[in-house]
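All of the numbers you see were taken from the coordinates with simple rules; none came from a lab. Please read all numbers here as calculations on a predicted model, not as lab measurements. Every residue, glycine among them, receives a Cβ derived from its backbone with ideal geometry; neighbour counts consider all protein chains shown.
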Amino acid sequence: MAQKPKVDPHVGRLGYLQALVTEFQETESEDAKEQVLANLANFAYDPSNYQYLRQLQVLDLFLDSLSEENETLVEFAIGGLCNLCSDKANKEHILQTGGVPLIINCLSSPNEETVLSAVTTIMYLSSPGSGSHPELTAMPVVQCMLRFSLSANTRLRNLAQIFLEDFCSPSQVAEARSWRAHSALGIPLPKTEAPQQP
C-alpha cells in the first residue's frame, strides 16, 4: 500500500496538492502513482480547488496520463478531467492544449468507467459557449456514440443517446448511420460488454 505524502497540516490545501504532484512525478511505484492520481481526481470535484490545480498544472498532468499504458492511471486521469471541465477556464485549457484527441482516444478503452468519463467530458467540452470544435462531433465520434447507444450498459447507452440528441445534428447522425452500414471498423465497445451478435 502506498504511503500518503507526509504533509504539514499548516501548509494548507495548495501545499498538500503540491506534495501530491511532487510525489506523482518522483515516485517509481505504479501503486503510488495510482493512489496520487485518484486523490487529485477527487480534489478536482471541488470548484474551490480549480485555481490551485491550474497553478500546479494538474490539468496537463491528467492529459499526459491519458497516454499511459496503465489503464487505472488513464481511468483516474479522465475522471479528473471530467470533474474539471465544467469550469470555463479549465475547458478552454483542455481545448487549447490539444486535449480533445487524447480524450477521444479514451472512447476505445476496455475500461467501462474510462469510457463513461470520456463521453461525459466530450459532452462538457461540446456544450454551448465552447466555440466551434468540430473534432468533438467528427464522424468517428458520432459513429462511436451510435454504437454506444446500443450498449447493454444503461449508463453508457443513455449518455450516448443524450450526446446524439443534444450535440449532433440530425444530418450528422444520419450520415453516421449510413457510414456504419458500410463499415464494421471504428471504436470498439468496452470489454465488459456482452458480445454483440452479428
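Before moving on, here are some points about what is shown:
- For a label point 7 Å along the Cα-to-beta-carbon line of Q51, residues of the stretch 18-35 with backbone N under 17 Å: 18
- Working note: Karplus 6.51/-1.76/1.60 with θ = phi - 60° gives the stretch 137-146 the couplings 10, 5, 3, x, 5, 5, 4, 4, 5, 4 Hz, where Gly and Pro are set to x.
- Fully extending the segment from R155 to E69 would add 28.4 nm, taking 0.36 nm per residue of separation and subtracting the current Cα-Cα distance.
- Put a dot 7 Å past the Cα of D31, heading toward its Cβ, do the same for S86, and the two dots end up 3.4 nm apart.
- In Hz, Karplus ³J(HN,Hα) per residue of the stretch 35-42 (6.51, -1.76, 1.60; θ = phi - 60°; x = Gly, Pro): 5, 5, 5, 4, 5, 5, 4, 5
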